[in-house]
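Colleague: Could you have a look at this structure, given as structure tokens, before my questions?
Values in this text are rule-based calculations from the coordinates and carry no lab data. Since the structure is predicted, the reported quantities are computational estimates derived from the model, not experimental observations. All Cβ positions, even for glycine, are placed from backbone atoms using ideal geometry, and neighbour counts span all protein chains on display.
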Amino acid sequence: MSRRRSSPHPRKLTKEQIARRERAKTVGKWTLLLLGTYEAFLVLVHRRQTRRDAFNAALNKKRETGKPLLVVGDPDGSFVSRLLGRDFDCSDLCIDVKGCPACSNMQAGNTFDLLSRLHDNSYVVFVDSGHLESVKSGDDYLAQLQRVSGGDFFVAHREPWSVGAFSPFMKRRVLTAPPITPYVEWRNLPWGGQPHGLQHTGPAQLPGKVAGLHWQRWN
């Protein structure tokens, strides 16, 4: 049985096929341009304002309660902050895995371990974006935030539909958190090593008591 020989010359595309390819390329270019513009807006404008709003809420709570303010995340740790300036400051204590070099009172190391050494209801806590999203266990980390803050914590999380929220370094997408809502809600990412589904916690009923947390999961 003889095999059919392939033509040494590729078949020429029709004018309609060429036009279709050009349209597809144009649509692809505009799609990438719009996505890039959208992501740049989130990173350079929206996320910076989210940080400022959450940090200002933490400052107001500090004045209201008289507790010192703990910052989780180096205020100079991102390229945007180094380029355009800070969105929050060092406050009374700054903790970060790499430390906060420009802060006079700071601790470097695993932030979960550093939080676990602090007393119950001892700080108002501000958490910079990317921390709650990337820790190994969101449940355990949130319990430490609740314990240390007595419920007075504020999170500047990444936008759940941004490209950065789906980074391989992230384990969950935070959908909402204080100060926007009195509860925290996130969805675990498939590669995060945690049960897939929506995670929801209501506010603690007793200051500094982890028992005040309640959890629900919708798969």
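Colleague: Between the range 14-48 and the range 65-128, what's the alpha-carbon centroid distance in Å?
Modeller: The range 14-48 and the range 65-128 have Cα centres separated by 38 Å.
Colleague: Treat every Asp and Glu Cβ in the range 15-218 as -1 and every Lys and Arg Cβ as +1, leave all other atoms uncharged, and give the resulting dipole magnitude about the Cα centre to the nearest 20 debye. Intermediate results must be reported in sequence, preceding the final value.
Modeller: Details: 27 positive and 20 negative charges, 162 e Å.
The calculation lands at about 780 debye.
Colleague: At 25 °C and 0.890 mPa s, what whole-number value in µm²/s does Stokes-Einstein give for the translational diffusion of the range 15-218, with Rh from the Kirkwood sum over Cα pairs? Mind dumping the intermediate values first?
Modeller: Details: Rh = 18.1 Å.
Reported coefficient: 136 µm²/s.
Colleague: Determine which aspartates and glutamates satisfy two conditions relative to K12: a Cα distance under 19 Å, and not lying fewer than 8 residues away in the same chain.
Modeller: By straight Cα distance, K12 reaches E22.
Colleague: For a quick protection proxy, order the peptides 145-153, 108-116 by their average other-Cβ count within 10 Å, most packed first.
Modeller: Values: 145-153: 25.0, 108-116: 15.7.
Sorting 145-153, 108-116 by mean packing, highest first, produces 145-153, 108-116.
Colleague: What list of ³J(HN,Hα) values in whole Hz, one per residue of the range 94-102 in order, does the Karplus curve 6.51 cos²θ - 1.76 cosθ + 1.60 (θ = phi - 60°) give from phi, with Gly and Pro shown as x?
Modeller: For the range 94-102, the Karplus curve yields 10, 10, 7, 4, 9, x, 10, x, 8 Hz.
Colleague: Given H placed on each backbone N at 1.01 Å, which residues far from V127 in sequence or on other chains put an amide H within less than 5 Å of it?
Modeller: Amide H neighbours of V127, under 5 Å, 5+ apart: V72, F154, V155, A156.
Colleague: I need the peptides 123-132, 97-106 ranked by packing, meaning the mean over residues of other C-beta atoms within 10 angstrom, with the highest value on top.
Modeller: Details: 123-132: 25.5, 97-106: 14.3.
Top of the packing list down: 123-132, 97-106.
Colleague: Another question, then. Give the cross-link partners of K136 among the lysines, using a straight C-alpha distance below 25 Å as the criterion and excluding same-chain residues fewer than 8 apart.
Modeller: Candidates past the 8-residue exclusion: K98, K171, K209.
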